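Working notes, beginning with the structure itself.
The values are calculated or read from the model by the stated rules, or taken from the named source; none is laboratory data. If you're wondering where the values come from, they're calculated on a predicted model, not measured in any experiment. Positions of Cβ are generated from backbone atoms using ideal geometry, with glycine treated the same way; all protein chains shown enter the neighbour counts.
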Amino acid sequence: MPVCKKCGTKNDEGNVFCEECGAKLIPQEQPAVQPKPESVEKRPKKTKVGLIVGISLGAVILAGVVLLIIFKPWRKSPQDITYLAKASASSALSPSRFGNYEPANVLDGISSTCWAASWADGGANAGIGMWIKLSFPREVKVTRIGLIPGYDRYGKDIGDRFYLNLRVRRARLEFSDGSSQKISLRDTREMQYFDVASVRTSFVKIVIEDVYSERAKDQDLCISEVEIYGVPVGKTLSALGLVASLLCSWKEGYSEDPFFTHPISLDPATFVELVKLDSTIVLDIRYATENNFTHEVLYPEARCFLMCCVAESLVSVQRKANTLGYRLKVFDGYRPHRVQFLMWKLVPDRRYVADPNRGSRHNRGTAVDLTLVDSTGKQLDMGSAFDEFNERSHQNYTGLTKEQKRNRKLLTDIMTSTGFTTVTSEWWHYDYYNWQSFPIVDVSFDSLRFVASLAGDKE
């Protein structure tokens, strides 16, 4: 309502002049309307939580993929797990000129070697009650067992050793869970297989209940080979082993089956190059040339790697040989597992080449093929060439000259005095005494040098 400034009369809205004095009304100024402040939208504060969560999730997924690649848990089909076992027995014959008869022979993949039980008097019950036990470092699920129930060896000079010795007729399989299973075997020299109801066990014990004695002139009970099929339970890998596995896989790669290979330690003392311990040892690494039974180059370079303890024992052998005026000449040492498959493809004969599904002692870095040379570097005559796969290479071959017999005996005496053992079918092959304690390895020479360089072993 407008108020006249002259007389103070209040006038109606819309009047231009005052109703009382007629003075012109001055319109009042409307108070300015203050604009409402614009609402400020609250924005979330920047945070690193999402980034951290994303990185963590990615790392977990990557680790899971790596573990799946290494362990392949979906692989449940039974396979040959004999390589995991260590053998012990109720007794074993003492070594003879024909070789040794230790329990570990049933695990070597060579049918011409055997375990032979020993007893005092022999007689009608010879061999019955004797046992051989295969123990595993962890539990396994056993589904199948195979064995050759006698001494699977034949030669013109020694006859058929299978029927000259006792053979297993019946046996009882015992397992760590307390269960057992009886098996009956045919009187034949081939591998015989028996299914087992998926027993979870830490050992398999074979107890002899009856034997075949017909045609047997000797009272020695023998088993040439044992095979065990199943699945390892709770396979684990240490953090250090995982690092080494990944590094070597990136550098070179392992064979396709993780059950047959084991990551090596980053400790350079695990493997050593032989010439770094003694450069006077002569190397003639045949598989680095075409001068071998395959007529192919299998190694990329002429190097000899061995487990450190094996190499150190071989250096002791070299010193003994030196005192007699000789030196060692090495044909082969550690052999990558993948090479074993190539050899087996060409010579699938367990007398001379180990089955790659079982692994060779060379694959463990615990076997060496070698001979002796004189002061002029001339190789001693051993009666046959290296890798000559026939009876002339057998330790007990009778067609040798006196000189050849003397040379073989000299090599055998020097090697066995320092912890090595022989095999019956190859005069040049020697094993470290506890070779079965070492894992099968499948890495190249280049990878061995690479892993050693990580620990400071620079060339």
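Can you tell me which of Val211, Val199, Val233, Val204 is aliphatic (A, V, I, L, M), within 13 Å of Val140 (Cα to Cα) and modelled with pLDDT of 90 or more? Lay out the reasoning, then the answer.
Working: Val211 fails: within 13 Å of Val140 (Cα to Cα); Val199 fails: modelled with pLDDT of 90 or more; Val233 fails: modelled with pLDDT of 90 or more.
Selected residue: Val204, the only one of Val211, Val199, Val233, Val204 that is aliphatic (A, V, I, L, M), within 13 Å of Val140 (Cα to Cα) and modelled with pLDDT of 90 or more.
Can we say Val168 is within 30 Å of the chain's Cα centre (by Cα) and outside any loop (DSSP other than H, G, I, E, B)?
On the way: within 30 Å of the chain's Cα centre (by Cα): no; outside any loop (DSSP other than H, G, I, E, B): yes.
Answer is no for this residue.
Which one of the conditions (1) at pLDDT 80 or above; (2) out of contact with any Gly (no Cβ under 7 Å at 6 or more places or on another chain); (3) in a helix (DSSP H, G or I) does Asp431 fail to meet, given that it meets all the rest?
Single failed check for Asp431: (3).
I need a count of the residues in the stretch 304-334 that are under 18 Å from Phe445 (Cβ atoms) and surrounded by fewer than 19 Cβ atoms within 10 Å (Cβ to Cβ). If you could, list the steps in order and put the result at the bottom.
Residues of the stretch 304-334 that are under 18 Å from Phe445 (Cβ atoms), as a first pass: 304-308, 310-311, 314, 330-334.
Next, from what is left, pick out any that are surrounded by fewer than 19 Cβ atoms within 10 Å (Cβ to Cβ): 308.
Residues flagged as under 18 Å from Phe445 (Cβ atoms) and surrounded by fewer than 19 Cβ atoms within 10 Å (Cβ to Cβ) within the stretch 304-334 amount to 1.
Listed here are the residues, each with its yes/no results for (1) more than 20 Å from Cys114 (Cα to Cα); (2) out of contact with any helix residue (DSSP H, G or I) (no Cβ under 6 Å at 6 or more places or on another chain); (3) outside the structural domain of Ile281 (by TED's automatic domain parsing); (4) part of a helix (DSSP H, G or I).
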| position | (1), (2), (3), (4) |
| --- | --- |
| Leu372 | yes, no, no, no |
| Gly383 | yes, no, no, no |
| Phe389 | no, yes, no, no |
| Glu403 | yes, yes, no, yes |
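Can you name every residue in the stretch 278-294 that is closer than 19 Å to Leu372 by Cα, assigned to a loop (DSSP other than H, G, I, E, B) and in contact (Cβ under 8 Å) with a residue 12 or more places away in the chain?
Across the stretch 278-294, the qualifying residues are Asp278, Thr280, Ile281, Asp284, Ile285, Asn292.
Scanning the stretch 338-369 for residues that are under 18 Å from the mean Cα position of the chain (by Cα) and among the hydroxyl-bearing types (Ser, Thr, Tyr), which turns out modelled with the highest pLDDT?
Thr366
Taking the residues in the stretch 206-232 that are part of a strand (DSSP E or B) and surrounded by fewer than 18 Cβ atoms within 10 Å (Cβ to Cβ) as candidates, determine which candidate is nearest to the chain's Cα centre (by Cα). It would help to see each step written out before you state the result.
Of all residues in the stretch 206-232, those part of a strand (DSSP E or B) come to 206-212, 221-223, 225-232.
Right, trim to surrounded by fewer than 18 Cβ atoms within 10 Å (Cβ to Cβ) and you get 209-210, 232.
Details: Glu209: 34, Asp210: 36, Pro232: 13 Å.
Going through the qualifying residues, I end up with Pro232.
From the residues in the stretch 352-368 that are surrounded by fewer than 22 Cβ atoms within 10 Å (Cβ to Cβ) and out of contact with any Gly (no Cβ under 7 Å at 6 or more places or on another chain), which one is farthest from Leu314 (Cα to Cα)?
Asn357
How many of the residues in the stretch 434-455 are assigned to a helix (DSSP H, G or I), at pLDDT 80 or above and of a type in the set (D, E, K, R)?
Number of matching residues: 0.
Identify, from the list Gly129, Gly54, Gly122, Gly99, the residue that is modelled with pLDDT of 85 or more, over 18 Å from the mean Cα position of the chain (by Cα) and not hydrophobic (A, V, I, L, M, F, W, C).
Details: Gly54 fails: modelled with pLDDT of 85 or more; Gly122 fails: modelled with pLDDT of 85 or more; Gly99 fails: modelled with pLDDT of 85 or more.
Only one candidate passes the filter, namely Gly129.
Filter the stretch 295-337 for residues that are in a loop (DSSP other than H, G, I, E, B) and more than 24 Å from the chain's Cα centre (by Cα) and give the result. Working first, answer last.
Filtering the stretch 295-337 down to residues in a loop (DSSP other than H, G, I, E, B) leaves 295-304, 324-326, 333-336.
Hits for the stretch 295-337 are His295, Glu296, Leu324, Gly325, Tyr326.
Please specify each residue of the stretch 262-295 satisfying the condition of being of a type in the set (D, E, K, R) and modelled with pLDDT of 85 or more. If you could, list the steps in order and put the result at the bottom.
To start, the set of residues in the stretch 262-295 that are of a type in the set (D, E, K, R) comprises 267, 273, 276, 278, 284, 286, 290.
Result: Glu273, Lys276, Asp278, Asp284, Arg286, Glu290.
I'm trying to understand the selection: among the residues of the stretch 374-431, which are surrounded by fewer than 17 Cβ atoms within 10 Å (Cβ to Cβ), more than 19 Å from Tyr352 (Cβ to Cβ) and in contact (Cβ under 8 Å) with a residue 40 or more places away in the chain?
Asp374, Ser375, Gly377, Gln379, Thr398, Leu410, Ser417
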